[in-house]
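The structure appears right after this line, and notes come after that.
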Amino acid sequence: MIKFTKFHLTSIVKLLSECNLSLYKVAIIIVPYYFFTILGALIDSIGLILLVGCFINGFTLNDQTTLPTNIIDILNLYIDGDDTFDLLFFMIILFGLNIVIRFGILVFNGYCFAYIRRELQTIIYKNYIYGNWANLRSFRVGDAVGTITWEVRAIGKYIVSALITIYSLLCALVLGLLALITSFKVTFSLALICLPLLLLVNFAFKKMAFYSKKNAEYRNIFTSDVTDRLNGLLQIHLDVNTDFHAQQGLRAQAPLMRMEVLESITQAGISMFNLLMPFMFLIAFALWLSWFDLATLPNMGIVASIGVLGLKFVTHLNNSVSQVGNLARLSGSIHPVIAATDLPPMRSRSDINSKIIEIQMKNVEYDYDGKKVIKSVSLNVKNNKPLVLNGRSGSGKTTIANLLSGLYLPSKGTVTYIDNNNNKYSSENFKALIGFVTQDIYLFHGTLRENLTSGLNKSDEQIWSVLHKVDADDFVRSLGGLDSKSSEAGRSLSGGQRRRLGIASAILKGTDILIFDEITGGLDYQNKQSVINVISRLSADYIVIMISHEEVSLPEQETININ
């Protein structure tokens, strides 16, 4: 149990720091939160004892025999001990204050959840957007979406559960202390009954933590599998074995359901604590009566007061047990969320403000997962002299292009950008203006204007000029113009149309270097020639690097075969 608590505490501190909440800020928030928790519990306890005492002993303060004498002495300073109205008015104030404090705590808990959810979702989303591509290239979209949505919400509940756990324990502690002051013997006897149940619940917590972790793993696998299949829905419809894809998308369902059922069984057992406590009390009372008689019982007013405090104590203790159960149940979400908050950011590099006219790659090597992917490659590519990288799939063409663009940094060797004043800039420290166009152009939901400019302030004249340059102006007009909506991923457009829009977007965002990765792949002859003609014209104004496993003919091109 200690190890379990330390793990949770370390995780909470880590996640709160990700939300820009230092320990100092947390202390400023937590101290008054738990001060009002203790105050509310004390007010609740005294109010309950007075309420029980009124109906057993009488409706004045001096009639109360179940409250500790020091508390009665303090209350006598403010209440007429023989005035029934004074006592009733004081009790109304106590219960009213308790309502206000409890309401405020519940609202604060809700705000904490919303704040943590927003901060973590924002941080993790930005980590993917601004992350180092060398560390992100193999991530699964489904895993990322599952972490940002479901797992982060679970973490918000997790941290609020930690708050409530301590809140409930403090309330139980105040109630327990007041019960001990009222009668140590009665309270101690009742407490002994709880011990076996606490040991049982502790065992259930450990099982809950295990099931929760496995649940999160299978949940992310399911999200990723479904996302993969829906992203490739067209391919599935064209495939001869649709059943295979249906089975693969649902392969995590059986183990996921098994973990959910086991988790629910454990959670149900923990939630029974509230019912088991009075059950055990009744058994203990029956055993007492079988050995002794009613005359040996202590004063019934004390028993009634401690009984009411005990019920409230059990309620708070059960709530803390349930919240610790939530911590165990939700703890499986910690691992993917913390991993996502630790994604390395892209390397900070300075912009190059002059036009790049040449790229030099010298003795470059690149390692990935301990494997040498590129071995001692040297090449030059200049303005007006496009470079075509030919080779089979998997030969390293795209990796070389990523190194030239600065997306990857060499393990050895250098990539240098040279501007029109012959100034040299290392890719390790400087970022060139790169337009990277692949065969899979993704058009986001929104207008064509938004997809072309990514929010940059470009006039209609500038946009249409670039669209004309890439032979895309006619079909954009036929679609309804720049403010026409694009369906998700641009599925309503042909491959040739999407790729010309991709080229236009790269130019509009400002670039000195255009890299085309298998941009003609999958196109018919007419569309392929149209795209090649566009690239040929652009090669006069930009450094052009083209990756292709097919033969390509561009003016003044240099071809390098990658084996």
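Read-outs: derived from the displayed coordinates by stated rules, not from any lab. Just so you know, these numbers come straight off a predicted model, no measurement behind them. We place every Cβ from the backbone using ideal geometry, glycine too, and count neighbours over all the protein chains shown.
For Lys206, a cut-off of 14 angstrom between C-alpha atoms picks up these aspartates and glutamates, skipping any fewer than 8 places away in its own chain: Glu263. Our estimate of slack between Thr447 and Ile28, defined as 0.36 nm per intervening residue step minus the Cα-Cα distance, is 146.2 nm. For the chain, a crude dipole built from +1 on the beta carbon of Lys and Arg and -1 on the beta carbon of Asp and Glu, taken about the Cα centre, is about 1380 debye to the nearest 20. Full extension of the chain between Ser290 and Arg140 yields a length gain of 47.4 nm, computed as 0.36 nm times the residue separation minus the alpha carbon distance. Taking amide hydrogens as placed 1.01 Å from N in the peptide plane, the amide H of Lys431 sits under 5 Å from those of Ser350, Asp351, Ile352, each at least 5 positions away in sequence or on another chain. Proximity of backbone amide H atoms, modeled 1.01 Å from N, is registered between Leu387 and Val544, Ile545, Met546, Glu558 at under 5 Å, excluding neighbours fewer than 5 places apart on the same chain. Scanning the chain for chymotrypsin sites (Phe, Trp or Tyr not before Pro) in DSSP loops with at most 12 neighbouring Cβ atoms within 10 Å leaves 131-291 as the longest stretch between them. Estimated from helices alone, the mean residue ellipticity of the chain at 222 nm is -20500 deg cm²/dmol (sum of -39500 (n - 2.57) over DSSP H runs with n ≥ 4, per residue).
Straight-distance candidates among the aspartates and glutamates for linking to Lys412, with alpha-carbon spacing under 18 Å and chain neighbours fewer than 8 residues away dropped: Glu365, Asp367, Asp369, Glu428.
In this simple spin-label approximation, Ser395 and Leu97 carry label points 7 Å from Cα along the Cα→Cβ vector, and these lie 8.3 nm apart. Close amide H partners of Asp517, meaning residues 5 or more places away or on another chain with modelled amide H under 5 Å apart, are Val437, Thr438, Gln439, Ile547. Divide the volume of the convex hull around the Cα atoms of region 50-94 by the residue count and you get 62 Å³ per residue.
With one equal scatterer per alpha carbon and no solvent term, the Debye-computed log10 I(q)/I(0) for region 476-563 at 0.13, 0.17, 0.23 1/Å reads -0.48, -0.79, -1.29. Structure note, pairs Lys371/Lys528; Lys355/Lys469; Lys362/Lys458: Cα-Cα distances above 29 angstrom occur for Lys371/Lys528; Lys362/Lys458. DSSP bridge analysis restricted to the chain gives an antiparallel fraction near 50%, rounded to the nearest 5.
With R₀ fixed at 60 Å, the C-beta to C-beta distance from Ser348 to Leu200 puts the FRET efficiency at about 0.65. Would you compute the Debye intensity of the chain from its alpha-carbon atoms alone, equal scatterers and no solvent, and pass along log10 I(q)/I(0) at q = 0.05, 0.07, 0.10 Å⁻¹ to two decimals? Each listed q maps to, in turn, -0.39, -0.64, -0.95. Set the Cα radius of gyration of region 99-179 against 2.2 N^0.38 Å, with N its number of residues, and you get 1.57. Pairs spanning more than 32 Å between alpha-carbon atoms, out of Lys214/Lys312; Lys126/Lys213; Lys14/Lys214: Lys214/Lys312. By the rule of a C-alpha distance below 16 Å, with chain neighbours fewer than 8 residues away ignored, the aspartates and glutamates paired with Lys509 are Asp351, Glu450, Asp460, Glu461, Asp541. Quick one: angle between helix 23-56 and the longest Cα principal axis of the chain, in degrees between 0 and 90, rounded to 10, please. Roughly 30 degrees, rounded to the nearest 10. Per the Kirkwood formula applied to alpha carbons, region 350-561 shows a radius of gyration over Rh ratio, Rg over Rh, of 0.97.
Converting phi to 3J(HN,Hα) with the Karplus coefficients 6.51, -1.76 and 1.60 and the offset θ = phi - 60°, region 97-107 yields 4, 4, 4, 4, 5, 5, 4, x, 5, 5, 5 Hz in sequence order, with x at every glycine or proline.
Here the Karplus relation 6.51 cos²θ - 1.76 cosθ + 1.60, evaluated at θ = phi - 60°, turns the backbone of region 73-80 into coupling constants of 4, 5, 5, 5, 5, 10, 10, 6 Hz, with x for every Gly and Pro.
Local charge for Val174 was computed over the other residues whose Cβ lies under 12 Å away, with Lys and Arg +1 and Asp and Glu -1, and equals 0.
Its residue count N fixes a reference of 2.2 N^0.38 Å for region 36-164, and the Cα radius of gyration divided by that reference is 1.83.
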